[in-house]
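This report refers to the structure that appears directly beneath it.
Each value in this text was obtained by applying a stated rule to the coordinates, not by laboratory testing. Note that the structure is predicted; figures quoted are calculated from it, not measured. As a convention, Cβ positions derive from the backbone with ideal geometry for all residues, glycine included, and neighbour counts pool all protein chains shown.
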Amino acid sequence: MHRKTLSELSQLLHNKEISSTELTQHFIDRVKKHDGDVNSFITLTEELALQQAKAADAMLAKGTANALTGIPIAQKDIFCTEGVKTTCASKMLDNFISPYNATVIEHFNQAGAVILGKTNMDEFAMGSSNENSYYGPVKNPWNLDCIPGGSSGGSAAAVAARLAPASTGTDTGGSIRQPAALCGITGLKPTYGRVSRYGMIAFASSLDQGGPMTQSAEDAALMLNVMAGHDPKDSTSIKKDVPDYTTTLNDDIKGLTIGLAKEYFQHGLEPSVKKAIEDTIQTYESLGAKFVEISLPHTEYSAPAYYVIAPAECSSNLARYDGVRYGYRCDNPTSLEDLYKRS
């Protein structure tokens, strides 16, 4: 069952060929058996997952279920989850039990999905290797000597190792896309504002965005159908209806024009990556798509701009985690300096 996609699992559940309780227990058992090598989970929410699976089975029996009802989904440990430890992979939040749900979590709950657990990540989402976690590094399941990428490395590794059918991630400067590439799965950073940031612990507020990490494009569409939507609790949330992203998956791409930015092919491109892109271009052309060269002349400034904006916003957002007003505080500090060092 763990090799099946979300759509395949959904079909099995709706056809009553398997129950959500059985499916959830299967993935719980896989995490317990295999995650010791990968370290993709910080928290396995076994009791909560089985409770939600039981409720999902009732929805399926009544015919009130949707596409993700009863399917266990891993959640990046950056989304506040009511009654569940939410750490952002930091010692500072090691004892934080969230009193409320992030909007993304609420959306999955409303859909009847099952929260399998909270995945490992780079601390406060700042990193691209998932080596920077208070709970230990995450390993790439394809080669345990390699990194999975980050910051959503736990999410990517969990999906790649088939410890979860799908997972949420967040992306500020590549934190969904890069680990998805390194672990051989599908990752999508939606347009900013498409997914609510309420209850998603902030790194760089003008860049952060939640998105799906899955086995396929179809699964990503199913996940985004649930995750997306306007939220009055997020002032940057887009006030637009959510389309069914699965409806265009089988559209003919004949006549589609795709721009290729020449700046992306000038220097520093790994030959194997270049070949993969060229092979993809050939595949699209064989299906009738047309490619044209375009120029994005300010590309060279994108990384420097990011490294001005992201650290500036990060320093403001993380100032609250000082061990004085908020977060973990060491025992019996002898001075303010000692408090800072040991907290």
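Sorted by mean Cβ packing within 10 Å, highest first, what order do the peptides 291-302, 100-111, 205-216 take?
205-216, 100-111, 291-302
For the residue pair GLU47 and VAL242, what label-to-label distance in nm results when each label sits 7 Å from Cα along the Cα-to-beta-carbon direction?
3.0
Considering the chain, what Rg and Dmax in Å follow from its alpha-carbon atoms?
20.7, 70
Compare ILE258, ILE71, ILE97 in a GNM of the chain, Cα atoms joined below 10 Å, and give the one with the largest fluctuation.
Of ILE258, ILE71, ILE97, the Gaussian network model singles out ILE258 as fluctuating most.
Hand me the GluC sites (Glu not before Pro) from the range 1-73 located in a DSSP loop with no more than 13 other Cβ atoms within 10 Å, in residue order please. Walk me through the numbers before you get to the answer.
Values: sites: GLU8, GLU17, GLU22, GLU46, GLU47; in loops: GLU17.
Sites meeting the loop and neighbour criteria: GLU17.
Provide, as a two-decimal number, the C-alpha radius of gyration of the range 264-318 over 2.2 N^0.38 Å, N being how many residues it has.
1.68
Dividing the convex hull volume of the alpha carbon atoms of the range 217-343 by its residue count, what do you get in Å³ per residue?
Cα convex hull per residue, to the nearest whole number: 233 Å³.
Per residue and in Å³, how big is the convex hull formed by the alpha-carbon atoms of the range 1-116?
In the range 1-116, the Cα hull volume divided by residue count equals 98 Å³.
Given Cα pairs under 8 Å that are at least 6 residues apart, what percent is the relative contact order of the chain?
This gives 14 percent for the chain.
Would you mind telling me the antiparallel percentage of the DSSP bridges in the chain, rounded to 5?
Within the chain, antiparallel bridges account for around 55 percent of the total.
Scattering from the C-alpha atoms of the range 163-286 alone, worked out with Debye: what is log10 I(q)/I(0) at q = 0.12, 0.15, 0.20 1/Å?
The computed values of log10 I(q)/I(0) come out as -0.56, -0.87, -1.28.
State which entries of LYS139/LYS290; LYS32/LYS54; LYS4/LYS62; LYS233/LYS290; LYS54/LYS139 exceed 30 angstrom in Cα-Cα distance in the structure shown.
LYS139/LYS290; LYS233/LYS290; LYS54/LYS139
Using a 10 angstrom cutoff on alpha carbons, build the Gaussian network for the chain and name the most mobile of ASP231, ASP241, ASP331.
Most flexible of the set in this elastic network: ASP331.
Net charge within 9 Å of HIS230 by Cβ-Cβ distance, Lys/Arg positive one each and Asp/Glu negative one each, not counting HIS230 itself? Each step should come with its number before you reach the end.
On the way: positive: LYS239, LYS240; negative: ASP231, ASP234, ASP241.
Result for the neighbourhood of HIS230: -1.
Sort out for me the Cα centre separation of the range 97-117 from the range 1-67, rounded to whole Å.
Between the Cα centres of the range 97-117 and the range 1-67 lies a distance of 15 Å.
Which distance in Å, rounded to a whole number, links the C-alpha centroids of the range 130-198 and the range 207-269?
Measuring centre to centre over Cα atoms gives 16 Å.
Within the range 11-92, which trypsin sites (Lys or Arg not before Pro) sit in a loop by DSSP and count at most 16 neighbouring Cβ atoms inside 10 Å?
On the way: sites: LYS16, ARG30, LYS32, LYS33, LYS54, LYS62, LYS76, LYS85, LYS91; in loops: LYS16.
Sites meeting the loop and neighbour criteria: LYS16.
Net charge near ALA289, counting Lys/Arg +1 and Asp/Glu -1 over other residues with Cβ under 13 Å of its Cβ?
Here the count lands on -1.
Sorted by packing (mean other beta-carbon atoms within 10 Å per residue), highest first, where do 304-317, 266-279 land?
Packing proxy ranking, top to bottom: 304-317, 266-279.
Determine, at each q value in 0.23 (inverse angstroms), the log₁₀ of I(q)/I(0) that the Debye formula gives when each Cα of the range 105-157 is one equal point scatterer.
Summing over Cα pairs of the range 105-157 leads to -0.76.
Within 15 Å, Cβ to Cβ, of GLU106, how many net charges do the neighbouring residues add up to if Lys/Arg are +1 and Asp/Glu are -1?
Cβ neighbours under 15 Å give a net charge of -1.
Would any residue of the range 280-320 have its amide N under 15 Å from a label point 7 Å out along Cα→Cβ of ALA181? List them or say none.
So the set is 280-281, 303.
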